[in-house]
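Since the structure comes first, as structure tokens, the remarks are kept for the end.
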Amino acid sequence: MKPRKVVEEILKKIKKDNCINISEFLTKNNYEDLKIKELVKEIEKNHNNELILDMNNSKIYSYELVYTYFKLQLFKLIEDNIDMDLNSDKFSDFKPEDVVKIFCKIDSEFFDYLLDHLDDKNS
């Protein structure tokens, strides 16, 4: 089975479950002939805006789930007046490049929100 086809199946499953153990998914669906390395490569290359791999490439998460989790963590840190540490245990399950990418998106959205509201007040 080609990695692209397996990722299509994963995308369907992830909509329901939000998280998939890669080994279990491959075994359960009789995709043992597909190497996890090939699947990881396909996800990172073509589906990194929909799926997020954990640090060990053993689990796949929906991008929206991880994004929401990070956003909630950020708001909690702000509420508690604590500096954000991207190296903390709260984010250690994920690859640093994914952590940075998601926080950049959150940051951008926050500033867009501020700009929109500042523009409204100045009008």
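The values are calculated or read from the model by the stated rules, or taken from the named source; none is laboratory data. Because the structure is a prediction, the values reported are computed rather than measured. Positions of Cβ are backbone-derived with ideal geometry, glycine not excepted, and every protein chain shown enters the neighbour counts.
List the pairs whose first member sits in region 71-89 and is of a type outside the set (A, V, I, L, M, F, W, C), whose second member is part of a loop (DSSP other than H, G, I, E, B) and surrounded by 10 or more Cβ atoms within 10 Å (Cβ to Cβ), and whose Cβ atoms are under 8 Å apart, counting only residues at least 6 apart or on separate chains?
The qualifying pairs are GLN73/LYS90; GLN73/PHE91.
Conditions tested, residue by residue: (1) within 20 Å of LYS15 (Cβ to Cβ); (2) assigned by TED's automatic domain parsing to the domain that holds LYS12.
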{"position": "ILE43", "(1), (2)": "yes, yes"}
{"position": "MET55", "(1), (2)": "no, yes"}
{"position": "LYS71", "(1), (2)": "yes, no"}
{"position": "PHE75", "(1), (2)": "no, no"}
{"position": "ASN87", "(1), (2)": "no, no"}
{"position": "VAL99", "(1), (2)": "no, no"}
{"position": "CYS104", "(1), (2)": "no, no"}
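Criterion first (over 17 Å from LYS95 (Cβ atoms) and of a type in the set (D, E, K, R)) does LYS2 satisfy it?
Numbers: over 17 Å from LYS95 (Cβ atoms): yes; of a type in the set (D, E, K, R): yes.
Yes, satisfied.
Among the candidates LEU34, LEU11, single out the residue that is more than 21 Å from TYR67 (Cα to Cα), of a type outside the set (S, T, N, Q) and surrounded by 14 or more Cβ atoms within 10 Å (Cβ to Cβ).
Answer to the check: LEU34.
Given the structure, is SER92 hydroxyl-bearing (Ser, Thr, Tyr) and farther than 23 Å from ILE10 by Cβ?
Details: hydroxyl-bearing (Ser, Thr, Tyr): yes; farther than 23 Å from ILE10 by Cβ: yes.
Yes: the conditions hold for SER92.
Is it the case that LYS59 is outside the structural domain of VAL100 (by TED's automatic domain parsing), charged (D, E, K, R) and closer than 14 Å to VAL6 by Cβ? Outline the logic, then answer.
Working: outside the structural domain of VAL100 (by TED's automatic domain parsing): yes; charged (D, E, K, R): yes; closer than 14 Å to VAL6 by Cβ: no.
No; evaluated as a whole, the condition is false for this residue.
Tell me which residues, restricted to region 56-67, are surrounded by fewer than 14 Cβ atoms within 10 Å (Cβ to Cβ) and closer than 15 Å to LYS101 by Cβ.
Residue satisfying the conditions is GLU64 alone.
Going residue by residue through region 69-86, is there one that turns out to be β-branched (Val, Ile, Thr) and under 18 Å from the mean Cα position of the chain (by Cα)?
No, the conditions are met nowhere in region 69-86.
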